[in-house]
Amino acid sequence: MPTPTLTDQAFLDTTADRLAALPAVRAVTLGGSRAQGTHGPDSDWDLAVYYRGAFDPADLRAVGWAGEVSETGAWGGGVFNGGAWLTIDERRVDVHYRDLDVVEHVTKEAQAGRFGVEPLMFHLAGIPTYLVVAELAINRVLRGDLPRPDGYPKALRTTAPEHWYGAATATLAYAKAGHAPKGALTQVAGAVALATAQTAHAVLAARGEWVTNEKGMVGRAGLDGMDALLAGLTPEPGPLADAVTRAGTLLRETLEAARS
């Protein structure tokens, strides 16, 4: 494998400078494991460009880095509205687009306890729109200036658990009534996994802990016990229904503990 020519810091400085120089870009941040100090030597680099007005991905392509650059809106058109997968100095780099007008609006909404949930590839439960607020709180600003949330919004600690846990209980209720009686193991397992991810969001919101993706979220929420339950599923209606009931109990008790 080719060896990088730059040190990590030199790579980060030169890359941030190139991104910050793009038209409409107002700030550049480092996110993911490298911003939180939990990375390994092979971890990729998660960068975000915060822009105001019209950002043209063609300007990013013109820099000449190898990889794929999406159009704005190509990743769903919501708060997570596009980005690029690049190789820069033999390093894997993800660049995310962040529209400052959207980020500022979502931040105000989150402070009032309001948010939406958007589908996003690789995320079981989708993403809450307040994910971009979590990024402001956690990520490291490399270039420019960005606002920092003043703690986890009190209103969000009330509304987010209610929303996520409500979705989880509905998910399990449908699995018990619609899938378990038919011995549909795959669909029951999927429903339990989804409800677990939804409840993990609820638990972490109740604690006032920011979430930027689903990696490690189930463990952080104390829901690792669901692994054993899923591993023991069999395609008989009775045991499947019982498993859904036990899953519901575990989710409820974990959320209650987070709220206490």
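Which chymotrypsin sites (Phe, Trp or Tyr not before Pro) from the stretch 97-130 combine a DSSP loop assignment with at most 11 other Cβ atoms within 10 Å? Present the calculation step by step, with values, prior to reporting the outcome.
Values: sites: 97, 115, 122, 130; in loops: 115, 122, 130.
For chymotrypsin sites (Phe, Trp or Tyr not before Pro) across the stretch 97-130 that sit outside H, G, I, E and B with at most 11 neighbouring Cβ atoms in 10 Å, the list reads 122.
Taking residue 154 as the anchor, which lysines have their alpha carbon closer than 27 Å to its alpha carbon, excluding any fewer than eight residues away along the same chain?
Correct list for residue 154: 108, 215.
Based on Cβ point charges of +1 for Lys and Arg and -1 for Asp and Glu, what charge dipole magnitude is obtained for the chain about its Cα centre, in debye rounded to the nearest 20?
In debye, rounded to 20, the chain gives about 640.
Stretched out fully, how many nm does the piece from residue 259 to residue 209 gain, at 0.36 nm a residue minus the Cα gap?
16.7 nm
Assign one of three labels to the chain, namely rounded, prolate or oblate, based on the Cα gyration tensor with a ≥ b ≥ c the square roots of its eigenvalues; rounded applies when a/c is under 1.5, prolate when it is not and a/b is larger than b/c, and oblate otherwise.
Prolate shape, in that a/c is at least 1.5 and a/b is the bigger ratio.
Could you list the residues of the stretch 1-36 with an amide nitrogen less than 16 Å from a label point located 7 Å from the Cα of residue 43 in the Cα-to-C-beta direction?
Residues 8-9, 12, 29-36 qualify, since their backbone N sits under 16 Å from the label point.
First measure r as the distance between the Cβ atoms of residue 17 and residue 162, then evaluate 1/(1 + (r/R0)^6) with R0 = 45 Å and state the FRET efficiency to the nearest 0.05.
With a Förster radius of 45 Å, E is 0.55.
For every other residue with a beta carbon closer than 11 angstrom to the beta carbon of residue 57, add +1 if it is Lys or Arg and -1 if Asp or Glu, then tell me the sum.
That sum, taken over residues with Cβ under 11 Å, equals -3.
Can you find, among 16, 53, 110, the residue sitting farthest towards the positive end of the charge dipole of the stretch 1-123, where Lys and Arg contribute +1 and Asp and Glu -1 at Cβ?
Farthest towards the positive pole: 110.
Please state the charge dipole magnitude for the stretch 35-184, taken about the Cα centre, from unit charges on C-beta atoms (+1 on K and R, -1 on D and E), reported in debye and rounded to the nearest 20.
On the way: 14 positive and 19 negative charges, 138 e Å.
Computed about the Cα centre, the dipole is about 660 debye.
Could you give the distance between the Cα centres of the stretch 157-189 and the stretch 1-72, to the whole Å?
Answer, in whole Å: 39.
Just to be sure I understand the rule: take each whole DSSP H helix in the chain, project its Cα atoms onto its long axis, keep it if the span is 24 Å or more and its mean Kyte-Doolittle hydropathy is at least -0.5. Which ones pass?
154-174, 185-207, 237-259
Do you know the relative contact order of the chain, to the nearest whole percent, from alpha carbon pairs under 8 angstrom that are 6+ apart?
15
All of the numbers you see were taken from the coordinates with simple rules; none came from a lab. Since the model is a prediction, treat every value here as computed from it, not as a measurement. Note that each Cβ is placed from the backbone with ideal geometry, even for glycine, and that neighbours are counted across all protein chains shown.
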